Structures are given as structure tokens and as C-alpha cells.
1. Here's a check for you: in the range 273-286, which residue that is closer than 10 Å to F251 by Cβ and in contact with a Gly (Cβ under 7 Å, 6 or more places away or on another chain) is surrounded by the fewest Cβ atoms within 10 Å (Cβ to Cβ)?
2. For the range 325-356, how many residues are open to solvent by less than 40 Å² (accessible area, probe 1.4 Å) and either within 19 Å of V284 (Cβ to Cβ) or aromatic (F, W, Y) (or both)?
3. Looking only at strands (runs of 3 or more DSSP E) that lie completely in the range 179-248, which have at least 2 residues being within 28 Å of the chain's Cα centre (by Cα) and surrounded by fewer than 17 Cβ atoms within 10 Å (Cβ to Cβ)?
4. Report, by residue number, each residue of the range 154-178 that is more than 19 Å from C129 (Cβ to Cβ) and open to solvent by 60 Å² or more (accessible area, probe 1.4 Å).
5. Which residues, taken from the range 393-422, are outside any helix (DSSP H, G or I) and modelled with pLDDT of 90 or more?
6. Could you check the range 54-86 and list, in sequence order, the residues that are in a loop (DSSP other than H, G, I, E, B) and within 21 Å of R361 (Cβ to Cβ)?
7. Cβ contacts < 9 Å: first residue among the polar types (S, T, N, Q), restricted to the range 62-88; second residue part of a strand (DSSP E or B), any location; separation 6+ or different chain. Result?
8. Looking at the range 370-386, which of the residues that are assigned to a loop (DSSP other than H, G, I, E, B) and in contact with a His (Cβ under 9 Å, 6 or more places away or on another chain) is surrounded by the most Cβ atoms within 10 Å (Cβ to Cβ)?
Amino acid sequence: MTSSGEEMPTVLHVIHSISGGGAARAMLACAKAVGSGGAWRQSALSLVPGDASVSEVCLAHGVTYLGCPDQNDLDNALAGADIVHMHYWNSPELLHLLLRGLPPVRCLATWHIGGMDPPHVLSPQLLDCFDHVQCVGPITLEAEAVRNRVERGGAGRVSMAYPAVDLDRFLAIRRSPGEGVTIGYLGTLDGFKIHPDYIAMSARVSFPRTRFVLWGGTREAGEALLAQAEALGVRDRFDFRGYVPDAADVFSKIDIFGYPLCEGNYSAGELVLQECFAAGVPVVVLPHGGAGRMVVHGQTGLVARSPEEYATALDRLAADPLERLRLGENARQWAREHFGAEKTAQATLGLYNALMKRGKRARVMARRVARAGSPVSGAEAFLEGLGGACVHFQQSYFTGPHRLASAADACIAASSDVLCSGSGGVFHYLDVHPNDFWLRLWTGLIHARRGALDQASAEFRAALACPDAGLRAAHHLAACAMAQARAARDVHTLEQCYHTGHFLGASGYRVQAAEIFRFVVRSGQDQGLAGWALFKLGEQAWEEGRVRTARRLFRQALAANAAIAKARIHLAPGGRPLRVLIATGAEGAQPAGDRIVVSMDPLDAGLWAYHFARRSFDDAIVVLPPGASHADRARAMAVAGVHAAPGALVTVR
């Protein structure tokens, strides 16, 4: 309650997950500053479960953690709050919540990413879900939907406040000059954030005794970057330190912060840049994303327009300690004036107070792709999250198996790391919707383009079951199998390729299966396998009524591999009795007179059906293995009887 005895208004923070990431840190820092006035009661829930420490961390910031509630408890929590403060970036869980719809609420959204580039597009449909959108960086104000809203008189529904961060520890940093120049990087090392040429562009820096130290990211990502440095012969200039719990420790040890992000990155109000500014460390960035908008070129840092300019800018600062000092002090002053949790909290409190003057309303995100009122699939949710960007995904989804779809699929295959691997990307949506056929197809296309053919094949196999995309998946699965066989040039991989053809044929994709079988024959790597491929082509021709072609292919199959008994059964004259010898381990045995030798387990009912489904035998000698029991003999007689012609003779030995 307030000091006057009135019930405190409540704010419910809704976020994808509460971890060490920037959005959660900013949410909690702002909540702590807002709560210091004692006028608001705050709670938070996440749509993905947090670890055991989350409740304690939230409580330390004056926030009660409600956990990850089920749908009924979630709706009750939303409806019971005076204000719902959603911390948004493109994620399947947050998007599904909006597509499903919210009960009557007052809703503020803090938009934690840029909003300019897919998959994190701030669309008109998203804007309409919220009473107010609070951007965390100037780049979001450039988004088309925001500009259109402002032009139509909706400026009061969009504002900007940098994400909240406690800067006191950083403002107190005073770095003592050391030997050489240390250029640091702190943050995600994956390709959806850091520039793909980070190592190469950094290696161009020629100033003596310059070294690069990287903090953050996974061990795998760090080792991949160091492998690039090794390949360029500059491994000794790079040091990967991994995760660091205290960014202040990093900024106390570096002379320059090199922060080159990739094109299309989702940065907006980067906490790490705010901390860098406050620490008085000069920064060099590229123009991409929010990072490029936060730095005032020549005043608070340097904005390089290209990888070449990036290296030149680092060389310039490495050689000029006075310029480093000037830019660093300017950045520190800028941080004092523009950043900090108190400033963000003040702006947010103003929004809370304004929202309390409005009534609650129910809301649901308007759909561009999925039909209203119907369940939203994983692929449809992904398309909705793109907000109309990347139209090739929609073309792939709606077009069907013809030429336009092929062109769209080629564009999907060439998708950037930002669109694939990060939050809101294709892989993220597939993680949440592992049985979505379309997401499996698109993921397969991307893996295939990147040479991960085993992963691509697994995705295409799963996508075969899709009524609308199965034919395309079959085509791509066949292409993967043949590409692997071409690259490996060994019999084992060729056998796997053949088995993929067999799988496709059994799944109903006869054209793609035939393409693989012809490839196996042309490869010339293994006569026996070529014989089986010719036989499968003959079976297809037989089933299609092309009997003459089938018989020719069966003869070619036997010329390549005499052990294919079923080919001999197909070629056996129809007017004569079909006489066979069934035995285990009879591969390569020649026919005994007019009796066809079939090497198989006499007790395997499936193999009997495989060989004699189309034509029953008239005379069979069945040879059981040594030590066979009376029960085995009886079983062999029974199984053989199923496939015997009327009046057939069966002899079991």
C-alpha cells in the first residue's frame, strides 16, 4: 500500500526468459530504479523457465518472480495487473502469445532490438498490439512502421529511452597505460552478431605490439575464430578469454573497444556500448545496426564505413594515445548525460502514469499469413514474425512445387546467419516446433547450402511427410545423397546414396529414386551396387507397365550382379513352372538347372513376400541352417505355403 493507505498499482513484466542477457538485465535495472520510489508493486513472469537463481535475482531488484505459468495462470496474471510491461524481441513464445491474444490489459512494450532487419521487424501488426512502444535505441525510430505511425499522428505511442544500466562502477574506471595496445571485444561471437571477417579485418592492423582479446561467447565460437587466425598466421595476436561475469573488469584492461557487428544485426541500445562509454574507452564500430547509430563519429568514437576503414581507424587510435583519451572522455561525458538506470526509470514512470489514465482493452495480433481463429503452425508464426519481410519464405510456403518455389527456395538456402541462427531465426522456431514440416524443409535448404549434408538430409527426410512440400523435399534429399557420394568417392557413401533412393521409392517419390539409381549406375564405382540400381529401375518400369524396358534392365542387372535372384524370377518364362532353391548364404550360387537360387533366411516372412509377392513358385527346395529345430521346419513350411502356387511342391531339408 502507499503511504495514504491506497493499494499500490501493479506492473507485470512479461519476458521470454530471465538470464544474463541484455534485455533481462535492462528490465531488472529499470524495475529496481522504478521501485525505489515505493509507488509501484512489480512482478515478472517468463515464457521459458528460468534456473533456480532467477527468483532470488528478481527479488534483489524489488521484483516478485511468478515463474513460467501455464496458459490459465498466465491469463489470470495478465488480467490482474494494472499494467503489463512486455519486453519484446522476436521469439516464438512471445509471438504466439500475441497471436493467441491478450485479455483486457494496459500494455507497454519495450522493444529491445533494432526493428529494421529480419527476423526482428517492428511491423504495423506488432505496433497495434501495444498502447505504447518504448524503443531502446535511435535505430528503431527509423523503422518504416514507426515512421508511418508518427506521420499519421501517432507520435505519442512511440518513444525512446536507452536500456537501463548501472554505470557507477564504469564511471569510476581509470585505466593506467600499459605496454602495447590492447583492443578488446566483449559480446556474442556467433555469426548473427559479430562481423564474419572480424579476424581478417583485425589482422590488417599494423601498429606494433597490438593484440586482440575477446571475451564472451561459447568455447566453440571462440575456437572457430582462433582457427581463422591460425589460418592467417596471426594466432599469436588473438586471445580468447570466454565468459566474464564483470564487464567492468574488461574495460579496465583495454585501450580500445573494437566492436564490428555484421550487416543486419539486431543491436539497438547496446548495454555494452553504454558501459564502454562510461568507462572512457574509445570505440570503433561499423555502421550496421544500432551500434552504428549510438556512436557519434569523431566525438564519442569512430564509425568505419567498411572493413578496410575499420582497420585504418584502429591503427589511427593505436598510434595516438591523446586521441584515445579525447574520445574516451567525450564518451564518458555522453554517458553521464544520456545513459543510466535513473534516466530510463524516469521515462518509464512517465509512461506508466500515462497508461493508468487509459482503460484496459483486449487485443490480438492481426495475422498476415495464418487464418484468423485457426491454430498457428510454427512456419506460420515464423512468417508472421517477419512482418512481410523476406517474401521468398512466403513464396516458398504458398507457391507449391513449381519454378517460382524453386527460386524462393534458392533464396532461403542463402539466408544470413542473422536470419538462421539467432533469436527469432529459422533454427529458433524449429527448436520450438520440431515437427513442423516447412521449418524442416527450410532448415534443410540452409544446411545443404552450407555443406552440412547429413543435417540437411535428416531435415529433408522429415519434410517428405508434408503434403505441399514433400516433392521438393524429395528432390533436395536426392540431390544431397548424390552430392555426398560425389564428394566422398567411396563405396560406403555410394551404398548410402543407393539406400536413399530405395527409401524415396518406398515413400512414393519414384522420379527422385530413379534419378539416384541412374547416378549409382553412372558412377561406375561398384558393379554389384550398379546391378541393384539397374534392378530397381527395372522394377519401376515393370510397375509402370513398360515390360520390355523392365526385362532389358533386369538382364543388365544380372550381367552386373548375378546374385539378384528376384531379377531371375521376373525373367522366368511365364509358361513354365517357377522352381526355386531357398537357402541362407547362397549368394553368387549359379542356378541349378532351371531352378533359381534365392539366398535368404528361410524363416523370414518379409523376404518371402519380397521375392514372391508378384509370382508364386511351383516347386521349392528350402534348406534350413544346421541345428534347425522341428519348430523351425514347421515355420518354414507355413511361410512357404503362403507364397506357393496351387499344387506346388515344397521340400524342406
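The values are calculated or read from the model by the stated rules, or taken from the named source; none is laboratory data. Note that the structure is a prediction, hence the values are computed from the model and not measured. Neighbour counts run over all protein chains shown; Cβ positions are idealised from the backbone, glycine included. Please note that ligands, DNA and RNA were not included when accessible areas were found on the heavy atoms of the full protein model with its side chains. Shrake-Rupley method; radii C 1.70, N 1.55, O 1.52, S 1.80 Å.
1. G280
2. Number satisfying all stated conditions: 7.
3. On the way: elements: 181-186, 210-215, 238-242.
Filter on the range 179-248 gives 238-242.
4. Once the filter is applied, which keeps residues that are more than 19 Å from C129 (Cβ to Cβ) and open to solvent by 60 Å² or more (accessible area, probe 1.4 Å), the range 154-178 yields D166, D168, R169, A172, R174, R175, S176, P177.
5. Matches in the range 393-422: A414, S415, S416.
6. Matches in the range 54-86: A81, D82.
7. Filtered contacts from the range 62-88: T64/R41; T64/Q42; T64/S43; T64/A44; N76/P103.
8. Pass one, the range 370-386, residues assigned to a loop (DSSP other than H, G, I, E, B): 370-377.
Imposing the further condition that a residue be in contact with a His (Cβ under 9 Å, 6 or more places away or on another chain) reduces the set to 376-377.
Numbers: V376: 21, S377: 19.
Restricting to residues being assigned to a loop (DSSP other than H, G, I, E, B) and in contact with a His (Cβ under 9 Å, 6 or more places away or on another chain), the top hit is V376.
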